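One structure is given below, encoded as structure tokens.
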Amino acid sequence: MNSLKLISINIAIPLFIYATFMLAALYNEKLPSFLFSISSYFFYMLSIIIIWISWHFNRNKFIFIITPLILIYIGFKTFSPDMATKLFHYSSIIYPIHLLIFLVLKERGLFSIWGILKVVFVLLEIALVLLLLYYPNEIVQNLFNLKIFNASFYPLKDISIAVSLVIIFIMSALVLFNRYLIYNGTFLIILIAYISGFYFLKTPYFIDMTFLAIDMIVLILLIRESYRLAFYDELTSMPGRRALVEDMAKLGRKYSLAMIDIDHFKKFNDTYGHDTGDEVLKMVASKLSNVSGGGKAYRYGGEEFTILFPSKDINECFGHVDILRQNIETSGFVVRNKKKAKTIYINISAGLVQNSSKDKDPFGVMKRADNALYKAKDAGRNKVIKA
């Protein structure tokens, strides 16, 4: 289960954006009217920017989220009132389902077989909506007239609310238990924004602000995702080497640094396979990420990790690193094969140093920590050596 702190952070950002735009719509009389008159242009401009950035960075998930939103918005603005009402009802069901599908689908290249299938799927969605718009179906109309709740959610139909509640439940479960929290939390808020925007359709500027808010939420998600890819390790979800270099440039006059390595990891990989080795890396990373004493853990590369302790001397940090070593040593890891399950134990070795006036830069400190790590290996492994 994801921590409440991480859940709160990943939901708070898109929720704040949404709340800001909704307050602007609710208190529109206190804001300059020209801002609302050009909101459509802002929406189209942001949508184009999102699509261009998504294409450039091969984040095609966002293209498939924004493109249907543009088409729905254009339909609202250009269709006759009767056609726009039908589009309103159809898209109140189809787009939430669309969001869930593209949340759970993995990122693929647009011109891969999976990318082409996604394009075909979106085209089929568009064709279905157009077919229902121009050739209404009696069964579909009866579905929209179905009464499920005692309360009224006008202008939304009960079936739209029912579908949305089911998808909100699924997305909430993903927020709680799935590791891709940055996506799950954001998509949950997008769905809530979308449905509430439809519910307050009669409120002036509310639907415009809703679509603009979703655009802004997706743009911020795209920026956060780009940052994550640049500075965080994909396998372990902990800060990577680039983040370490950035943070090392901000260090003050006093700090300590530990270099950590998993003992006999190559032998473990050869024995149990790389997939199991990846699981071990994730387990060790999760333990190291919980370091106390003001430390911050990074994946340096391979089976090697780094912990920075800003403004801490070596004696303060030794106990915190050794506690990590003990926690990992006593944490059993279950390896399963076709015949049976086997519990194994992983050890780490660490070299811990404090900066001194002789060090030219933090990389010199890291070199000394590496040397201390090798001493821990030579001393029999599963040790923390201070240098």
Item to complete: Tell me the chymotrypsin sites (Phe, Trp or Tyr not before Pro) within the range 118-200 that lie in a loop according to DSSP and have at most 11 other beta-carbon atoms within 10 Å.
Response: F149
Practice prompt. Pull up all non-local amide H partners of Y232: gap of 5 or more, or a different chain, and H-to-H distance under 5 Å with H placed in the peptide plane.
Written response: G240
Response to the item:
In a Gaussian network model of the chain with springs linking alpha carbons closer than 10 Å, the residue among L373, L15, L132 that fluctuates most is L132
Worksheet entry | Cα gyration tensor shape for the range 1-60, rounded if a/c is under 1.5, else prolate or oblate | oblate
Worksheet entry | Highest-MSF residue in the chain out of I159, I63, I323 [GNM, Cα springs under 10 Å] | I323
Worksheet item: Okay, helix-only estimate at 222 nm for the chain: each DSSP H run of n ≥ 4 adds -39500 (n - 2.57), divide by all residues, round to 500 deg cm²/dmol; what do you get?
Response: -21500 deg cm²/dmol
Discussion item. Under the rule of at least 5 residues apart or a separate chain, name every residue whose amide H is placed under 5 Å from the amide H of Y255.
Written reply: S311, K312, N355
Worksheet entry | Sum of side-chain charges, F88 neighbourhood, beta-carbon under 15 Å (Lys, Arg +1; Asp, Glu -1) | +1
Worksheet, complete the sentence: In the chain, whole DSSP H helices that both stretch 15 Å or further along their axis by alpha carbon positions and average at least 0.5 on the Kyte-Doolittle scale are 4-26, 39-56, 60-78, 81-104, 113-134, 158-177, 181-199, 206-231
Discussion item. For a quick check, take a GNM of the chain with Cα springs below 10 Å and name the residue from I51, I74, I93 with the largest mean-square fluctuation.
Written reply: I74
Worksheet item: Considering only Cα-Cα distances, which of the following residue pairs are longer than 23 Å: K287/K342; K5/K312; K266/K358; K267/K312; K296/K386; K296/K342?
Response: K5/K312; K266/K358; K267/K312; K296/K342
Discussion item. Can you give the local net charge around V334? Use residues other than it whose beta-carbon is closer than 11 angstrom to its beta-carbon, Lys and Arg +1, Asp and Glu -1.
Written reply: +2
Response to the item:
The answer for trypsin sites (Lys or Arg not before Pro) in the range 273-352 that fall in a DSSP coil and have at most 15 neighbouring Cβ atoms within 10 Å is K338, K339, K340
Fill in: For the chain: relative contact order, % (alpha-carbon pairs under 8 angstrom, 6 or more apart)
15
Discussion item. Give me the net charge for the shell around H320: Cβ to Cβ below 13 angstrom, other residues only, Lys and Arg +1, Asp and Glu -1.
Written reply: +2
Item to complete: Would you please name the GluC sites (Glu not before Pro) within the range 209-284 that are DSSP coil residues with at most 16 other C-beta atoms within 10 Å of their C-beta?
Response: E234
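Coordinate-derived values only; no laboratory data. Note that the coordinates shown come from a computational prediction; the quantities given were computed from them, not determined experimentally. Virtual Cβ from ideal backbone geometry, glycine too; neighbours counted across all protein chains shown.
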